[in-house]
C-alpha cells in the first residue's frame, strides 16, 4: 500500500469520526434549553438539596437527643455537672448514629418538593433581578463622581512621580445603597416561597424543625438559584456535590453537557484530516515550523473553547498585540532585504523612540501632537544612529549576526547608565527620591496613551477591533511595500540577494546596506512608540534587550528566512506568534494551575525558530 493511500485512509477515518461527533453535538446541544435539559437540572438540584439539608437533619436529631438527655437527667435529680455530662454523651452518641445519614430516595414522594422548589426559584430570580437592576442604577448614579476622583488621584500620583497601574480603577462606594420598596416586597415573597420548601422538606424529614430550616435558608437559596448560570455550570456544580445518583441514565446528560466540546473535537479532527491529506503541500508552501505553529494555534483555540474560556476576548487581545508589535517586526524587513540579515541590533532604534517619547512628556505635548512629536524626534535620532550602525556593519561583512547581537546588548547596557544621567526634569519621569529616570514611565491622557488603540475602535460582542492601531500598522506595511517597489528599494533587494552581481551592475552596495539599516532602525523607533501607547507604559533600562529576538522570531514564523522576506511574512508571523502567547497562558493555567508553561513556551518558540532559521541558512550572512 502506497504512502498516498495510507494518508487517504487515515483522513477518511478521521473525517468519518468527526462527522459522527458533529451530528451528535448538533442533536444534543439544543437539548440544554429544552424540557429534557430542564428536567435533568431539576433532578440534580433536588438531589443536591436533599444531600445538603441532610446535614440539618442530623443537627435536628442531635438537638432532640440532647433535650431528651437533659429532661431525663433532671427527672433523676442529678446535679448540673451530671446533666452536662449526660447531654454531651447524648450528643456524641447521636452524631455517631446519624453521621452517615442518607435519605431513602426510592421511599419518598419528591413531587411536592419539586413544585415548592420551582416556586422558590421563581421568587429568588425575581428578587435577584430586581436587586441587580437597583444596584446598577445606584452605581450609574455614583460613577461620574467616582471617575472624577480616580482621574484626579491618578494625575496627582503621576505629577508626584509615583508608579500608577496600567488601567484606571474606579471604585464606586456602594455602602449608601438601600433596598427599594420593590425589593422588600419581593423578599417577602421569597420568604413565603421558602416556607413552602420547608414544609415539603418536613414531609421528607419529620424531625427537621423551624430552627434548622432557618439556618439552612442561605444554603438552600444558593443551591436553588445561581445568577447567570447556564446548563453546563449548573450540571458541573450539582455533579460535584455528589448528585450523580439522581440520573437514571448518566450518558445522555453527559453528552448534553459536553455537546459543544464534542463539536470542537470534531472540528479538530477535520483539521487533522485536511492536514494529513495536504501535508506535503502545506510543508512545501509554508515550511515545517509554520505548519506546526499554525496547528498549535488552532489547538489552543479549541482548548480555550473546551475550558470555557472567552475565545473572542483572547482573539481580540491577540489582534491588539499583533498591532502593537508589528512595526518592530516590520523593522526586520529592510535589514534582511539589504543583506545584513536579522537586525538583532534593533534596540538602537528602540532607544531612539524611547527618547522621543520621553521628550514628549518632558515638554508636556498632549495627544496627537505629542505622539507625532515623539515619532519625529525618534526618527531623527534613529536616522543618525542607523547611519553610524550601517557603516559599522559594512566594515564587518559576513559577521552581521554576531555584530548585531553584540551591538543590541551593548546599547541597552550603555543606556542603563544614560537613563541615570540624562537631564530630564519632569516629575513623571524622575524617581521621587534620588536621580535618574524610573524603570517604567506611565502614560495617560495628558500624552499619548492608547492614542491609536482608541481611534475608531468598536466592539462586536466580546471582540474589540482596534481600528486605528490596525490602520497605522497597515499604513506602515504599505509604505515599506511601496519602498520595495521603488528604484532604491529594488536596488537594495538586489544587494541583499546577490551583492556581487549588484556591484557588477553599478549599484553602490555599501550605500544600499546603509539605507536598509537606517530604515530598519527608524522603523524600530516608530515601533516602540506604537507598542508603548498600546501598552500604556514606556519601559527603560533592560526592557528593550529581548525585543529584537522576539521580532526576529515572529518574522521567521511568518515564512521569512535570514536572506529573503516579504511584508506578508510580518503580518502572518506576528499574528501567529502573539496569538500563541496570548492563548497559551490561560490554557496552560487551566492544564497546569500555577505553572510557568506559557513563559517556557515563549522562550522555546523564540529561540527555537531563530536556531532553525540559522541551520537552514548555514549560520552566516552573505559576504
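Within the range 238-273, work out how many residues are farther than 24 Å from residue 21 by Cβ and in contact (Cβ under 8 Å) with a residue 24 or more places away in the chain.
Counting residues in the range 238-273 that are farther than 24 Å from residue 21 by Cβ and in contact (Cβ under 8 Å) with a residue 24 or more places away in the chain gives 6.
Across the range 407-432, which residue is farthest from residue 345 (Cα to Cα) among those that are in contact (Cβ under 8 Å) with a residue 24 or more places away in the chain and part of a helix (DSSP H, G or I)?
So, considering only residues that are in contact (Cβ under 8 Å) with a residue 24 or more places away in the chain and part of a helix (DSSP H, G or I), the one farthest from residue 345 (Cα to Cα) is 419.
If residue 12 satisfies every condition in (1) surrounded by fewer than 19 Cβ atoms within 10 Å (Cβ to Cβ); (2) under 30 Å from residue 110 (Cα atoms); (3) in contact (Cβ under 8 Å) with a residue 24 or more places away in the chain but one, which is the exception?
The number of the failed condition is (2).
Looking only at residues that are in a helix (DSSP H, G or I) and modelled with pLDDT under 75 in the range 69-106, which one is surrounded by the most Cβ atoms within 10 Å (Cβ to Cβ)?
Taking the candidates together, the pick is 94.
Tell me the residue from 110, 144 that is under 45 Å from the mean Cα position of the chain (by Cα), surrounded by 12 or more Cβ atoms within 10 Å (Cβ to Cβ) and at pLDDT 80 or above, please.
One residue alone meets the criteria, 110.
Just one of 496, 461, 442, 436 is touching a residue at least 12 places away in the same chain (Cβ under 8 Å), under 20 Å from residue 168 (Cα atoms) and touching a helix residue (DSSP H, G or I) at 6+ places or on another chain (Cβ under 7 Å); which is it?
442
Picking from 550, 557, which residue would you name as being under 31 Å from the mean Cα position of the chain (by Cα) and surrounded by 23 or more Cβ atoms within 10 Å (Cβ to Cβ)?
557
Going residue by residue through the range 242-252, is there one that turns out to be under 28 Å from the mean Cα position of the chain (by Cα) and surrounded by fewer than 16 Cβ atoms within 10 Å (Cβ to Cβ)?
The answer is no, given that none of the residues of the range 242-252 is under 28 Å from the mean Cα position of the chain (by Cα) and surrounded by fewer than 16 Cβ atoms within 10 Å (Cβ to Cβ).
Name every residue in the range 353-371 that is without any contact (Cβ under 8 Å) to a residue 24 or more places away in the chain and either surrounded by 15 or more Cβ atoms within 10 Å (Cβ to Cβ) or in contact with a strand residue (DSSP E or B) (Cβ under 8 Å, 6 or more places away or on another chain) (or both), in order of residue number.
359, the sole residue that qualifies.
Answer yes or no as to whether residue 233 is assigned to a helix (DSSP H, G or I), out of contact with any strand residue (DSSP E or B) (no Cβ under 8 Å at 6 or more places or on another chain) and within 15 Å of residue 46 (Cβ to Cβ).
Judged against the criteria, residue 233 is not a match.
Filter the range 394-411 down to the residues that are out of contact with any helix residue (DSSP H, G or I) (no Cβ under 6 Å at 6 or more places or on another chain), surrounded by 15 or more Cβ atoms within 10 Å (Cβ to Cβ) and modelled with pLDDT of 90 or more and list them by number.
407, 409
Which condition breaks for residue 152 when tested against (1) surrounded by fewer than 15 Cβ atoms within 10 Å (Cβ to Cβ); (2) at pLDDT 90 or above?
Every listed condition holds for residue 152 apart from (2).
When residue 309 is evaluated against the numbered criteria (1) surrounded by fewer than 19 Cβ atoms within 10 Å (Cβ to Cβ); (2) assigned to a helix (DSSP H, G or I), which criterion, by number, is the only one it fails?
Result: residue 309 passes all but (2).
Evaluate the following for residue 361: is it closer than 19 Å to residue 328 by Cα and either at pLDDT below 90 or in a helix (DSSP H, G or I) (or both)?
no
Quick one: in the range 556-568, of everything that is in a helix (DSSP H, G or I) and in contact (Cβ under 8 Å) with a residue 40 or more places away in the chain, which residue is nearest to residue 360 (Cα to Cα)?
567
The values are calculated or read from the model by the stated rules, or taken from the named source; none is laboratory data. None of these values were measured; they are calculated from a predicted model. When we count neighbours, we look across all protein chains shown, and the Cβ atoms used for this are built from the backbone with ideal geometry, even at glycine.
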